[in-house]
Amino acid sequence: MTKWIDISQPLTNDMAHWPGDTPFSFSLTYTKEKTGSVNIGQMTTSLHTGTHIDAPFHYDSSGRTVDQLDLDHYIGKAFVADVSHTEKITAAVLQKFNWDNVTRILLRTALPNNPKYFPEKMPFLDPDIAPFLKEKGVTLLGVDMPSVDPPDSKTLNTHHALYEHGIHILENLMLDHVKEGYYDLIALPLAITGADGSPVRAVLGPILEGEI
């Protein structure tokens, strides 16, 4: 029986969010005492708070929205790569890994996992990783940071480079407790019509060496 590893940020009312964006909030609209039968909750949130995927529409007004994305990108074999030894992640850094049978890559960076703190500075993902990843057959890049670009970026160079090379984006993963290696990944977005992103419940299932 597979023991799934949760790599999602818990959604809490005190979690960090992008400065100026809508924070996450959960509350009970009605209690069982009031309704006589059930508790009913409500939530408000930015689609880019916590663990989430970016749809191309997020950074390209003519790009696909969440409901138009192929779900196959978010389910299947993934490789967790430890790049925590560097603050600048380039194609040269990624070159050292074994890319056999890898179509989804999750990067464990030097940024500590802390859902209640929004980092002012993050490790830098060089846009040159995009053509490299495409060459290796990768279609999904996941990171344990709020974004694949610096927090103050207006040009979103890495977002656009990944998009141009057919690579989907998964952000704000929790990977500090995950060892480098191969896993089964499930990180399904919600079917939100017209949306620019979506929260996901991302989990990993370990893969035995003989199953790779």
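Some points to look at:
- For segment 35-52, filtering for residues that are in contact (Cβ under 8 Å) with a residue 60 or more places away in the chain and in contact with a His (Cβ under 7 Å, 6 or more places away or on another chain) leaves 1.
- Within segment 54-91, considering residues that are more than 16 Å from the chain's Cα centre (by Cα) and under 16 Å from ALA161 (Cβ atoms), the one surrounded by the fewest Cβ atoms within 10 Å (Cβ to Cβ): LYS88
- The single condition among (1) of a type outside the set (A, V, I, L, M, F, W, C); (2) exposed (fewer than 14 other Cβ atoms within 10 Å of the Cβ); (3) within 15 Å of the chain's Cα centre (by Cα) that THR155 does not satisfy is (3).
- Hey, LEU175 modelled with pLDDT of 95 or more, under 24 Å from ASP14 (Cβ atoms) and buried (at least 20 other Cβ atoms within 10 Å of the Cβ) or not: yes
- For SER37, the stated conditions do not hold, so it cannot be described as under 17 Å from the mean Cα position of the chain (by Cα) and either surrounded by 14 or more Cβ atoms within 10 Å (Cβ to Cβ) or on the phi < 0 side of the Ramachandran plot (or both).
- The condition of being in a strand (DSSP E or B), of a type in the set (A, V, I, L, M) and touching an Asp or Glu at 6+ places or on another chain (Cβ under 8 Å) holds for only one of LEU107, LEU111, LEU141, that being LEU107.
The values are calculated or read from the model by the stated rules, or taken from the named source; none is laboratory data. Just so you know, these numbers come straight off a predicted model, no measurement behind them. Every residue, glycine among them, receives a Cβ derived from its backbone with ideal geometry; neighbour counts consider all protein chains shown.
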